[in-house]
Amino acid sequence: MVQPTIHVTHEDYGSSGRYAVAMPGIEGEAELTWHAGGPGIIVADHTYAPDAMRGSGAAAAMVRRLVADARARGVLIVPACSYVRAQFERHPDWSDLCADA
């Protein structure tokens with residue numbers, strides 16, 4: 001079975017923001033939140049996915065978007081959230097973006 005494309009949205013509130021995924025037919029949304037951690041640093045502090053989305057790839061898609069956005073903006077990430085930290089450990093090619101490596 002082919003997985004549907006996961007669309008990640010981003011809301012930037014200046015000193016904080018969030019990435020979100022909503023999936024058709026599933027109530028609620030997955031969310032990854034972040035806040036500013038100083039000049040050139042963002043802290044990924046929380047990731048959540050409703051039970052019905054677990055295993056769908058939604059959380060991983062949000063982390064990939066976070067990493068792509070950080071790379072484009074030239075900022076580093078503190079992976080304070082355990083899920084984000086685990087993804088950084090699985091992707092050594094992201095180590096240049098880890099503020100607490």
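The values are calculated or read from the model by the stated rules, or taken from the named source; none is laboratory data. Remember, it's a predicted structure, so these values are computed and weren't measured experimentally. So basically every Cβ, Gly included, is an ideal-geometry build from the backbone, and we count neighbours across all protein chains shown.
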*asked:* Show the residue pairs meeting these rules: Cβ distance below 6 Å; 6+ apart or different chains; first residue within region 37-54 and outside any loop (DSSP other than H, G, I, E, B); second residue among the hydroxyl-bearing types (Ser, Thr, Tyr) and at pLDDT 95 or above.
replied: Asp45/Thr33; His46/Thr33; Thr47/Tyr83
*Residue under evaluation Gly28, criteria (1) surrounded by 13 or more Cβ atoms within 10 Å (Cβ to Cβ); (2) part of a helix (DSSP H, G or I), criterion not met*: (2)
